[in-house]
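Heads up, the thing below is written out as structure tokens.
Throughout, read-outs are computed from the coordinates displayed, never taken from laboratory work. Source: prediction; values computed, not measured. Don't worry about glycine lacking a Cβ; one is built from the backbone with ideal geometry, like all the others, and counts go over all protein chains shown.
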Amino acid sequence: MRVNLNGMTQRLSRFSFPNGSSLADVLTSIQSQGGRPYIVGGWVRDLLLGVESTDVDVEVFGIGPDCLADILERYGSLDLVGKAFAVFRVSGSHVEFSLPRVDSKVSEGHQGFEVTALPDLSFREAARRRDFTINAMGLDLSTGCIVDPWGGKAHLEQGLLEVVNPDTFGDDPLRVLRAAQFLSRFLLVPGPELVKCSRRMRIEGLARERIFVELEKMLVGKRPSLGAQFLRVSGWIRYFPEWASLIDVPQESEWHPEGDVWNHVLLALDHAAGIRTGSRRTDLLLMFGVLCHDFGKANTTVMAQGKLRSVGHSSAGVGLCEQFLCRFTGDKELISGTKKLVKDHLAPQFLFQQGAKPGALRRLARRLAPEVNIELLERCARADYRATGFDHMDAFPAGTWLLEQAEKHLVRTEPAPPVLQGRHLIEAGLDPGPLFGELLRRAYDIQMETGEKDVRVLLDRVTQEHVCRAERG
């Protein structure tokens, strides 16, 4: 396949460098010194998919690392991503330059490689070290041809994710998780060699931060269920025991015709993917909330009076959710917010059925804050509701009601702020001290229950209660 080089030059000119030069300028300089630059990896894959890439990897054949470094230094300060194996980035750019190289496994884990740069290596041999065939293509900037020695283009057209080299794929266990996120993001199916290789691999040696990054990418993909099913078929779901425990946990077919809890959660994840906001933080909380929302069913599902019940599964899932997340991240805000979504994921339906009063909405908003809010909880509950498999469940009446009521009472995105402040107590002649906190908390409780917004009413109420307690005590 050949691409239009004039159009490609314009496309690459969007990538600029601190001195004002474009990537096309840098590539011309490399070619003038005898280098043969190829755009490689994800950028070529995304080009074939019609997706814009924010980063570019350039592999330069025919010149050594010192020569490449000398060229790049003309365009800005050079970051040595890996000088020993010739990987460079000009500070402030989104372009990474490297020389063709070969890897040798020397120790366990994702980084246990000895890398040797070989400028005169053939493109085919250089691409052999890559993980998947769809990432092993290159755009030859001298000819405009896409070089595809391992069949990546055909696999992309077939919707297949397959390994380049089964003999070395297992050297890096992170590749299994990368496979899961690629399947989710690009709507692919795993090839037989990928499944076979992954079943032989183990997660040991991977840093939890790297695991979390790949898990996040899987969850924010177009269909997270594809990545999740791969984790199951590859056997890697065993490293996520709280999630794995949902497999074959039955549900009452009257309410859950979609099958076991595992299937339900996967459907919910895919529904959640369709109602994301575009905010990374909010969407991450949503996806982890949906992933974890039914963890508690594994321990609470019983047959009672001829029906499958999971009473208390929301509360039971909170600790399992924390246990799951803490294994991969120290992000306290994410953990706390996800736990709140798990604990209250049934609240929209319950409040709707009960025709809850404004005080219940205000208390819910207060419980969720500050990490999450009613609007996000509704999205989580909506994904859960739509994952029940009923055709008529496109709408979510409880969610519509909840959002309308929350908007009406001004608690849709955050709880009402406390009306009574410490300065009001001082103005009333009270001396600052431990009593302040007690009075302010009680005033806020009253405000949540009644909706009272008058400072004087709240002040009178809490001071009178305090006097009465003192007299009784």
Check: Rounded to the nearest 500 deg cm²/dmol, what is the calculated helix-only ellipticity per residue at 222 nm for the chain, with -39500 (n - 2.57) per DSSP H run of length n ≥ 4?
Finding: -14500 deg cm²/dmol
Notebook entry, point to check: Tell me, what are the semi-axes, in whole angstrom and largest first, of the equivalent ellipsoid of segment 422-472 as set by the roots of 5 times the Cα gyration tensor eigenvalues?
Noted result: 17, 14, 10
Next item on the list: Find the relative contact order for the chain and round it to a whole percent, using C-alpha pairs within less than 8 Å whose residues are 6+ positions apart.
Entry: 8
Margin query: So if I average 1/r over every pair of distinct C-alpha atoms in segment 312-426 and take the inverse, what Kirkwood radius in Å does that give?
Written below: 15.3
Note to self: Using a 10 Å cut-off around each Cβ, can you sort VAL290, VAL302 from fewest to most neighbouring Cβ atoms?
What the structure shows: VAL302, VAL290
Check: Roughly speaking, what is the stretch gain from LYS307 to SER336, that is 0.36 nm per residue apart minus the C-alpha to C-alpha distance, in nm to one decimal?
Finding: 7.1 nm
Notebook entry, point to check: Which of the residue pairs LYS222/LYS408; LYS196/LYS217; LYS339/LYS453; LYS196/LYS307; LYS153/LYS196; LYS217/LYS408 have a Cα-Cα distance greater than 28 Å in the structure shown?
Noted result: LYS222/LYS408; LYS339/LYS453; LYS196/LYS307; LYS217/LYS408
Note to self: Students often get this wrong, so try it: which of (1) 4, 16, 21, 20, 16, 12, 7, 3, 1, 0; (2) 3, 12, 17, 18, 15, 12, 8, 6, 4, 2, 1, 1, 0, 0; (3) 4, 19, 29, 27, 15, 5, 1, 0 is P(r) over Cα pairs in 10 Å bins from 0, in percent as calculated from the structure shown?
What the structure shows: (1)
Notebook entry, point to check: Once you put a point 7 Å from the Cα of ILE426 and another 7 Å from the Cα of PHE350, both along the Cβ direction, what distance in nm separates them?
Noted result: 4.0
Next item on the list: Count neighbours as other Cβ atoms within 10 Å of each site's Cβ, and list the GluC sites (Glu not before Pro) in segment 231-308 that are DSSP loop with at most 16 such neighbours.
Entry: GLU252, GLU254
Check: Using 7 Å Cα-to-Cβ label points, what is the GLU452/ASP46 separation (nm, one decimal)?
Finding: 5.7
Notebook entry, point to check: To the nearest µm²/s, what D does Stokes-Einstein give for segment 1-153 at 10 °C and 1.306 mPa s, using the Kirkwood radius over alpha carbon pairs as Rh?
Noted result: 101
Item checked: Percentage relative contact order, segment 275-416, counting C-alpha pairs under 8 Å, at least six apart -> 23
Notebook entry, point to check: Where does segment 127-285 land on Rg/Rh, using Cα atoms and the Kirkwood Rh?
Noted result: 1.02
Check: Which lysines, on any chain, are close to LYS343 with Cα under 22 Å apart, when same-chain ones fewer than 8 places away are left out?
Finding: LYS297, LYS332, LYS357
Notebook entry, point to check: Looking at segment 1-78, which GluC sites (Glu not before Pro) are DSSP coil and have at most 15 other C-beta atoms within 10 Å of their C-beta?
Noted result: GLU52
Checklist line | Loop-exposed chymotrypsin sites (Phe, Trp or Tyr not before Pro) per DSSP, neighbour cap 16 Cβ within 10 angstrom, longest uninterrupted part of the chain | finding: 1-254
Note to self: Within 10 Å, Cβ to Cβ, of MET303, how many net charges do the neighbouring residues add up to if Lys/Arg are +1 and Asp/Glu are -1?
What the structure shows: +1
